[in-house]
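Take a look at the structure set out below.
Rule-based calculations on the coordinates, nothing more; no lab input. Please read all numbers here as calculations on a predicted model, not as lab measurements. Cβ placement follows ideal geometry from the backbone for every residue including glycine, while neighbour counts extend to all protein chains displayed.
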Amino acid sequence: MLRISSKSRYAIRIMVYLASQAPSLVPARKQDIADSEQISADYVEQILIRLRGGGLVVSHRGARGGFTLAREAHLIRVLDVLEAAEGPLGFVPDDEAGSVHPTIAVSSRLWSGLQKTLESELAKVSIADMAADVAKLQQGAQLMYDI
């Protein structure tokens, strides 16, 4: 089973939270994010540092400080968030890429194709899309997904 780390899952939740707060333009405090998303404040802070390093969030100092999205939510893809949280996606180890060993070459091609497909699908979904789905759920709508 392919597993996405808790860091990546929480990073997406944090970004969706920030997107849902974006219309108010008031920075979200890490404690508010932690309370809303039921994630420890220390872990939220660690993830926000990675998201800031990835250019996805901006930190604001002062009494009314906190975090906001670095750009509009529709311009931030789920792929961007995962890469900021974990680094580039990769199914093929560097030492296997371009191997002449037949079974390694064939399996590397499979993993490479899977990686391209996964990246393509993750690039299709924006944080704004996810925030809109959250709003629909809060209004009692049911969601349908096609991949």
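Quick notes
- Helix 41-53 vs. the chain, principal-axis angle (Cα, 0 to 90°, nearest 10): 70
- For the chain, the Kirkwood estimate of hydrodynamic radius, built from reciprocal distances between every pair of different alpha carbons, is 16.8 Å.
- The C-alpha atoms of the chain define a longest principal axis, and helix 6-21 lies at about 40 degrees to it.
- Among the trypsin sites (Lys or Arg not before Pro) in segment 1-101, those placed in a DSSP loop whose Cβ has at most 11 other Cβ atoms within 10 Å are ARG3, ARG61, ARG64.
- Segment LEU110..ARG52, full-extension length gain: 17.5 nm, with 0.36 nm per residue of separation and the alpha-carbon distance subtracted.
- Set of lysines with alpha-carbon distance to LYS124 below 16 Å, sequence-local pairs under 8 removed: LYS116
- Nearest 10 degrees, 0 to 90: helix 127-138 Cα axis against the chain principal axis: 60
- Placing a label point 7 Å from the Cα of LEU118 along the Cα-to-Cβ direction, the residues of segment 1-40 whose backbone N falls under 19 Å from that point are 1-13.
- Cα-based Rg of segment 21-80 normalised by 2.2 N^0.38 Å, two decimals: 1.08
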